[in-house]
Structures are given as C-alpha cells and as structure tokens.
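The block underneath contains the structure these notes are about, expressed in structure tokens.
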Amino acid sequence: MCGGSYVGRGMRHGVWRHAGGREFLGRDVEKMSPGARISAALSVLLPVGLSGVFLVAFVPSVWWIFTTYFWVAFPAFGLLTSGIAALGEGRPVRLSEEERERELLEAIRESGEISAAVAAARTSLTVAEADRRLRELAENGHIEVRARGGAVFYALWGNAWETGRRVEEST
C-alpha cells in the first residue's frame, strides 16, 4: 500500500482519530446517548453470550474456543456500564412541592425583590411556574407585590418595605 499503514499513523478508514478518542463498533462513544450505548453493548453481549451457551451445551469438548472470542465482550461490558451510569446522570432531580417553595422563598430572601424571570433563573422552576407560585404566595398574603417601571416584583414583607424605602430615598 502506498504511504504506509493507516493504523500506524493514527488513521482509521481515512478519518483521523483524536487523541484519547473512544470508539466502539466504529462509533464515537462520547457522542452516543445512554440508550444507544446500552443498545450497542447488548448487540454484542447477547450474541457472544448465546453462542457461548450453545457451544458449551452442544459441543462441551471445545468450550475453550469460546474463550478465544470472548475478548469482544470486554469493551461491550464497559460500554454497558457507562450507558447505565449515564442514565442516572441525565435525569433531573425532582423536588417536592415544599422544597420548590423553600427554594423560591430562599431566592426572594437573598435578592430582596425578585421577578418571575429572575426567580426562574435562580431556582429549578420555569418562568411560568415561578410566576404562578409567586402570585399564589402574594394572594395568600405571604409576600408583597410591587410594581416599578412596568415590572412586577415580589418581596418578603420586611425586605419589601426596606427595598421600597431605599428606592424612595434614592429618588
């Protein structure tokens, strides 16, 4: 072959491999979703396992042949474990109603005044959910509503008075 071996130059099928790249069945593992990792691993592990069972069951005298091609299963085990581990990482942690409310009130306490958009940025709530929860808290008398410059802000009663007083003093 003209130009030498591709393997020696770090090439595979004409594509340069980056340093430290992980491939499995010609695919970049880092770009695979957890479900794709698990599927790819099982597509190797199941045939290898079934062939080993059939080999041992029907031709027990040549069981050692299974060990010669079982090496294919080791990368598949690694891919399976990384896929299972990535499944847990991708799921958002669900907070209870009380924890969400506590998170929202903590954001109000830290900021003094807060809008629904800022509340959503500082908590795990969406803007619509933060707005709904802030309105409910205000309707129940737990927090104060202030309108300033066309925007609606929410604050704890003590902080709202102090923030309002600071705004009045500065003007």
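Mind running the shape call on segment 77-137? Use the C-alpha gyration tensor, a ≥ b ≥ c as the square roots of the eigenvalues: rounded below 1.5 for a/c, prolate if a/b tops b/c, oblate otherwise. In terms of gyration-tensor shape, prolate.
Multiplying the residue separation of residue 152 and residue 59 by 0.36 nm and removing their Cα-Cα distance gives an extension gain of 25.7 nm.
The numbers here are math on the coordinates, done by the rules we state, and not lab data. Source: prediction; values computed, not measured.
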